[in-house]
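Report on the following structure.
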Amino acid sequence: MSKPLRLQSTIAALAILLAGCATGGAQPGAPNLSATQCRDLTALRNHAPLTRERNLSELAALERAGYDPSKFFDPYYPDDLHAAQRQVDRWYQAECPEARTN
């Protein structure tokens, strides 16, 4: 990938991430992940069997972090997904007690 195209992709991914943060509507100090999401993310990280509920829980967390899987053609995929995964990882480390015991 050429440098101008890579820079353009990076800038676009950052813009999407920042837009997601700005429009997230989260209350200051309010948790970003529910107790159920913490439990499901812990199970997925520990290689528990996949279930529909765990997958939907992870998807909801990714969407809250700014990822939009409904786009038919997403020119920023997988950069936008990776940015959302990093955000969910930060939330998981900060908010889930399970993360501190593993």
field: Filter result (small (Gly, Ala, Ser) and within 13 Å of the chain's Cα centre (by Cα)) within the range 82-102
entry: Ala83, Ala84
Members of the range 91-102 that are surrounded by fewer than 12 Cβ atoms within 10 Å (Cβ to Cβ) and farther than 14 Å from Thr36 by Cβ: Gln93, Arg100, Thr101, Asn102
- prompt: In the range 47-63, what residues are in contact with a Leu (Cβ under 8 Å, 6 or more places away or on another chain), under 21 Å from Pro31 (Cα atoms) and not acidic (Asp, Glu)?
  reply: Arg54, Ser57, Ala61, Leu62
- prompt: Within the range 53-81, how many residues are free of Cβ contacts under 8 Å to residues at least 24 places away in the same chain and either more than 9 Å from the chain's Cα centre (by Cα) or loosely packed, with under 14 Cβ neighbours inside 10 Å (or both)?
  reply: 15
message: Out of everything in the range 69-89 that is acidic (Asp, Glu) and farther than 21 Å from Thr36 by Cα, what residue ends up being modelled with the lowest pLDDT?
response: Asp74
task: Keeping to the range 82-102, report how many residues are in contact (Cβ under 8 Å) with a residue 12 or more places away in the chain and within 20 Å of Ala30 (Cβ to Cβ).
output: 10
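The values are calculated or read from the model by the stated rules, or taken from the named source; none is laboratory data. Nothing here was measured: the structure is a model prediction, and the numbers come from that model. For neighbour counting, all protein chains shown are included, and Cβ atoms are generated from backbone atoms with ideal geometry for every residue, glycine included.
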